[in-house]
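Readers should treat all values here as calculations from the given coordinates under stated rules, not as data from a laboratory. Just so we're clear, the structure is a prediction, and the values are computed from it rather than from any experiment. Here Cβ is always computed from backbone atoms with ideal geometry, including for glycine, and neighbour counts include all displayed protein chains.
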Amino acid sequence: MSEPSEQRLTLLVMRHSKTEPNAQTDHVRRLTERGRDDARTAGAWVARSGHVPELILASSAARADETAQLVAALCDVRRLELVDDLYGADGYEVLEIVAEQVPDDVTTAMVVGHNPTMAEVAFLLQGEGADEVRFPTSGIGIFELDASSWSDLEAGHGRLLASYTRD
């Protein structure tokens, strides 16, 4: 009898959708109508991608929360967690948050945050010499990880499978 094959982990990295330019604070800026439409379109793309997340971790900023909620609804994702530390995190901190907060029963997860951090996460996952992944609003990168556990996630151990931009 052969041993079961090891399941690969997949991480979707997404920048929030288009937001209003001003609000009482940056943290409470909400999506524009175009942003909501773009989040729905991005969610439909994820649903068709073959890489639907079982869990979404999103920045607690209103724009990231709204984006994640719209994507989750279109992909039938039932596990969505808002993470205060994703707001203002750098790329290394995002990788640490994912490594610490995604349980090992999840094989595909998504993180929704802000730029330039999401572009930095994409760069860190792929390492030196990788193609740049664009992260305009609603941009997504799907990465296969060379890790058997989320706690083993580290820079340089990801391979870009697909990317999405609205334009």
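Structure notes:
- Residue in segment 71-89 that is surrounded by the fewest Cβ atoms within 10 Å (Cβ to Cβ), counting only those that are free of Cβ contacts under 8 Å to residues at least 40 places away in the same chain and part of a helix (DSSP H, G or I): ASP84
- Any chance VAL133 is within 24 Å of SER17 (Cβ to Cβ), touching a residue at least 24 places away in the same chain (Cβ under 8 Å), part of a loop (DSSP other than H, G, I, E, B) and hydrophobic (A, V, I, L, M, F, W, C): yes
- Total residues in segment 132-149 satisfying the condition of being of a type outside the set (A, V, I, L, M), surrounded by fewer than 22 Cβ atoms within 10 Å (Cβ to Cβ) and under 22 Å from PRO103 (Cα atoms): the figure is 4.
- Scan of segment 54-70 for residues that are of a type outside the set (A, V, I, L, M, F, W, C) and assigned to a helix (DSSP H, G or I), ordered by number: ARG63, ASP65, GLU66, THR67, GLN69
- In segment 102-130, residue surrounded by the most Cβ atoms within 10 Å (Cβ to Cβ) [restricted to those that are among the aliphatic types (A, V, I, L, M) and in a loop (DSSP other than H, G, I, E, B)]: VAL102
- In segment 20-40, the count of residues that are buried (at least 22 other Cβ atoms within 10 Å of the Cβ), closer than 23 Å to LEU124 by Cα and under 15 Å from the mean Cα position of the chain (by Cα) is zero.
- Qualifying positions in segment 136-161 - touching a helix residue (DSSP H, G or I) at 6+ places or on another chain (Cβ under 8 Å) and part of a loop (DSSP other than H, G, I, E, B): THR137, SER138, GLY139, LEU153, GLU154, ALA155, GLY156, HIS157
- Matching residues, segment 140-159, being among the aliphatic types (A, V, I, L, M) and more than 13 Å from the chain's Cα centre (by Cα): LEU145, ALA147, LEU153, ALA155
- Of the residues screened, LEU95 is one that is surrounded by 22 or more Cβ atoms within 10 Å (Cβ to Cβ), touching a residue at least 12 places away in the same chain (Cβ under 8 Å), under 22 Å from TRP150 (Cα atoms) and out of contact with any Ser or Thr (no Cβ under 9 Å at 6 or more places or on another chain).
- Contact map, segment 138-150: first residue touching a residue at least 60 places away in the same chain (Cβ under 8 Å) and at positive phi, second residue hydrophobic (A, V, I, L, M, F, W, C) and not in a strand (DSSP E or B), Cβ cut-off under 8 Å, separation 6 or more or different chains; pairs are SER138/ALA39; SER138/ALA42.
- Residues in segment 17-53 that are of a type in the set (Ser, Thr, Tyr), in a loop (DSSP other than H, G, I, E, B) and touching a residue at least 60 places away in the same chain (Cβ under 8 Å): SER17 alone.
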